Amino acid sequence: MSRKPVIAGNWKMNKTVAEAKAFFNEFLSQIDVDDPEVVVCPTYTSIAAAVECTKGTNVGIGAQNIYFEDGGAYTGEVTADMIKEAGCEYVIIGHSERRQYFAETDEGVNKKTIKALEKGLVPIVCVGETLEEREDDNTFDVIKTQVEKAMKDVNEPKKVIIAYEPVWAIGTGKTATDEQANEVCEYIRKLLVEIFDKDIADCMRILYGGSVNAGNVKKLMSMSDIDGALVGGASLKADFVTLVNYKK
Ligand code: PGA
């Protein structure tokens, strides 16, 4: 089963419009591959500039969040239609920082995933255990709950990208070992077989995220159930291109 690899950058709360433009100026001049699929997720305010900069390239743009309602009195929120109109093709949903600091729930993640699909966006749905949960041997239970709840009533699962991001590996410089990362990604695929079926699960891309960098990306990408990377810190500099070109 061949699944197109995805290298996605999550800029989190970084980069002004001017900084985003400067990044793309340098980054795009070094891109010469149409494999893997490349995604960059800037802040809302830089989306329009990022879309403009990447027009005609194989770099897709995503948002870092949406709200699941279509509009109304939800101060500070942004709809799927709004980011779609701005040129986004992807949206990150349920990142652990949103779960941790902004009280994002599994139910909200599910509603956002369904809304993203309804509006023609590719959801990148994040799951992952905390250090405490791993140390208590609860990793698989936590992942099972998060994946099952996120995928409830999802009717175009093949379009969904799942990102396994152990919370203890995010921004800490502590990458999960290739085996640890693959073990959970493999488990997620097993869950997807149970929730949907084998054909569907075999098509779905599962990314690993958490301190991915130029030094570890190649090995992670060689693992059987890791189809890509969601990259935070290492996506902020134009040498993110070395991750995109991990095959070279
Ligand atoms: P990191 O972040 O690569 O800086 O660890 C990954 C993420 O949060 O998506």
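Read-outs: derived from the displayed coordinates by stated rules, not from any lab. In this text the structure is predicted, and so the values were computed from the model without any measurement. Cβ sites come from the backbone with ideal geometry, for glycine too, and all protein chains shown count toward neighbours.
Placing pseudo-labels 7 Å out from each Cα toward the beta carbon at residue 214 and residue 180 gives an inter-label distance of 2.5 nm. Of the residues 136, 35, 197, the one that moves most in a GNM of the chain with alpha-carbon contacts below 10 Å is 136.
Highest first, please rank the peptides 55-61, 240-246 by the mean number of other Cβ atoms sitting within 10 Å of their residues. Display every interim value, and only then the final one.
Values: 55-61: 15.1, 240-246: 21.0.
For the peptides 55-61, 240-246, the packing ranking is 240-246, 55-61.
What does the convex hull of the alpha-carbon atoms of the range 172-227 project to on average, in nm²? Write out the running numbers ahead of the final one.
Working: hull surface 14.9 nm².
The orientation-averaged projected area of the Cα hull of the range 172-227 comes to 3.7 nm².
Net length available on complete extension from residue 3 to residue 74 is 21.8 nm, with 0.36 nm assigned per residue and the Cα-Cα distance removed. Rounded to the nearest 500, the helix-only mean residue ellipticity at 222 nm of the chain stands at -11000 deg cm²/dmol, with each DSSP H run of n ≥ 4 adding -39,500 (n - 2.57). Whole-percent P(r), the range 137-233, all Cα pairs, 5 Å bins from 0: 2, 14, 26, 25, 17, 11, 4, 0.
When you work out D = kT/(6 pi eta Rh) for the range 1-120 at 10 °C and 1.306 mPa s, using the Kirkwood radius from C-alpha pairs as Rh and the Stokes-Einstein form, the result is 105 µm²/s.
A full extension of the chain between residue 199 and residue 239 corresponds to an added length of 10.8 nm, given 0.36 nm per residue minus the alpha carbon distance.
For the chain, the Kirkwood estimate of hydrodynamic radius, built from reciprocal distances between every pair of different alpha carbons, is 17.9 Å.
Judged by the mean number of other Cβ atoms found within 10 Å, the most tightly packed of the peptides 87-95, 107-115 leads the ranking 87-95, 107-115.
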